[in-house]
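Notes follow the structure.
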Protein chains: 2
Amino acid sequence: MNIGDVARLSGLPAKTIRYYEEIGLISPMRDQNGYRRFRDSDMHRLAFLGRARSLGFSIEDCRGLLELYGDRQRASADVKQIARGHLARIDEKLAELTAMRQTLAHLVSCCAGDSRPDCPILDDLAGNFPAGSGDDSTENERPGTVS
Amino acid sequence: MNIGDVARLSGLPAKTIRYYEEIGLISPMRDQNGYRRFRDSDMHRLAFLGRARSLGFSIEDCRGLLELYGDRQRASADVKQIARGHLARIDEKLAELTAMRQTLAHLVSCCAGDSRPDCPILDDLAGNFPAGSGDDSTENERPGTVS
DNA sequence: ATAAGGCTTCCATCTACTGGAAGGTCAAGA
DNA sequence: TCTTGACCTTCCAGTAGATGGAAGCCTTAT
């Protein structure tokens with residue numbers, strides 16, 4: 001199979017497949033004309049990569065997972081460790097995004113969004129807190145930056 | 001104020017402040033020795049930037065927000081539009097991460113994580129679905145890749 | 001013969017910084 | 001006065017994970 005067929009079958013762009021070869025994730029053979037020739041095993045690795053990437057694993061995680069995938073002597077604990085690390089990163093990201101979302105949604109809901117210049121969103125970004133806008137108690141705590 | 005002071009006060013690394021100047025977000029003056037000299041207005045812009053970035057606004061969003069910030073004739077609708085666009089992106093990202101998290105957490109919970117090679121995580125990544133592992137009904141739908 | 005489409009490599013670009021090298025500046029101390 | 005150390009400067013490279021495009025070869029059909 002040539003790269004175009006593999007791209008169609010795997011759903012990965014040809015560019016990406018070449019990139020994966022460049023960084024050593026796959027090693028297809030070459031025909032005499034220089035074209036890459038993909039065997040079933042290459043397709044399997046690419047499918048594996050596509051799936052792992054769609055779950056958000058980093059390229060380096062993928063490299064490790066592929067190695068374990070091809071190792072009959074592997075311990076599932078090693079796989080699980082990679083997956084758990086990734087899960088932890090996802091949870092961090094989720095917490096960060098959720099906090100952002102909350103603040104942002106509040107600001108958006110406070111903004112009239114008309115032709116007048118008054119804007120609580122800009123006020124907040126500029127560090128002005130023009131008297132609690134609806135909710136009582138804690139007077140606008142400002143979340144800190146997260147990595 | 002020199003860049004070091006501004007960095008301490010704003011919480012932004014000096015490198016980042018130089019970068020923001022390079023891409024035209026701020027334009028501090030220069031002393032005769034070539035050192036950047038920051039006025040209060042520069043500090044305000046940097047604080048604004050730090051806050052906007054911590055809410056996840058892109059640099060280009062920040063550029064637009066800063067422009068509106070400095071425009072007395074602005075319409076709050078323009079600010080709100082940027083914020084809403086950003087909110088929508090956050091929601092997309094949240095949905096994507098939540099889906100990943102769910103699949104991943106399930107796989108992790110299925111994996112023994114011991115010294116044996118059998119691993120449902122690898123099986124899934126490889127496209128093998130070894131008989132529904134606990135839940136009935138829909139026999140493992142595989143989520144597609146999201147941008 | 002030539003045109004279309006597929007393939008190749010190489011280089012640049014994207015986001016938002018970050019790290020480091022080489023070197024100028026300034027204030028304090030011996 | 002010299003030196004030391006903390007600042008500051010610019011410039012270049014690198015990060016993750018591709019993606020876009022140019023220039024050019026290969027193959028097949030017309």
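The values are calculated or read from the model by the stated rules, or taken from the named source; none is laboratory data. All figures in this text were calculated on a predicted structure; none of them were measured in a lab. A quick note on method: Cβ atoms are made from the backbone with ideal geometry, for glycine too, and the neighbour counts reach across all protein chains shown. All accessible areas refer to the heavy atoms of the entire protein, side chains included, with ligands and DNA or RNA removed. Shrake-Rupley method; radii C 1.70, N 1.55, O 1.52, S 1.80 Å.
Numbers below:
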quantity	calculated
For residue B:37, distant residues with modelled amide H under 5 Å away	B:29, B:30, B:31
Rounded to 10°, Cα long-axis angle of helix B:59-69 versus longest principal axis of chain B	40 degrees
Proximal charge balance of residue A:71 [Cβ under 15 Å; K/R count +1, D/E count -1]	+2
Mean accessible surface per residue for the protein assembly as shown, computed with a 1.4 Å probe while every protein chain stays in place, in Å²	57 Å²
Label-to-label distance, nm, for residues given as residue B:1 and residue B:94 (7 Å Cα→Cβ offset)	3.3 nm
Buried area at the A-B interface (accessible, heavy atoms, 1.4 Å probe, summed, Å²)	4600 Å²
Cβ neighbours within 10 Å from other chains - mean over B:54-67	3
Percent carbon-and-sulfur accessible area, chain A, ignoring ligands, DNA and RNA, probe 1.4 Å	48 percent
Positive minus negative residues near residue B:61 (Lys, Arg vs Asp, Glu; Cβ under 13 Å)	+3
Max mean-square fluctuation residue, GNM over chain A, Cα-Cα springs under 10 Å, options A:72, A:116, A:30	A:116
Chain A: most fluctuating residue of A:56, A:64, A:34 per GNM, C-alpha cutoff 10 Å	A:34
Choice from B:117, B:28, B:13 with maximal GNM fluctuation in chain B (Cα, 10 Å cutoff)	B:117
Cα→Cβ-extended label distance, 7 Å offset, between residue A:106 and residue B:116, nm	5.0 nm
Estimated dipole of region B:75-129 in Debye, rounded to 20 [Cβ of Lys and Arg +1, of Asp and Glu -1, Cα centre]	340 debye
Between helix A:40-54 and chain A: long-axis angle, C-alpha atoms, 0 to 90°, nearest 10	10 degrees
Which of A:29, A:2, A:14, positive extreme of dipole for region A:1-55 (C-beta unit charges)	A:14
Rounded tilt (10° steps) of A:76-110 against the dominant C-alpha axis of chain A	30 degrees
Exposed GluC sites (Glu not before Pro) absent: longest stretch of chain A, with sites in DSSP loops and at most 10 other Cβ within 10 Å deemed exposed	A:1-138
Per-residue [θ]222 nm for chain B (sum of -39500 (n - 2.57) over DSSP H runs n ≥ 4, rounded to 500)	-18500 deg cm²/dmol
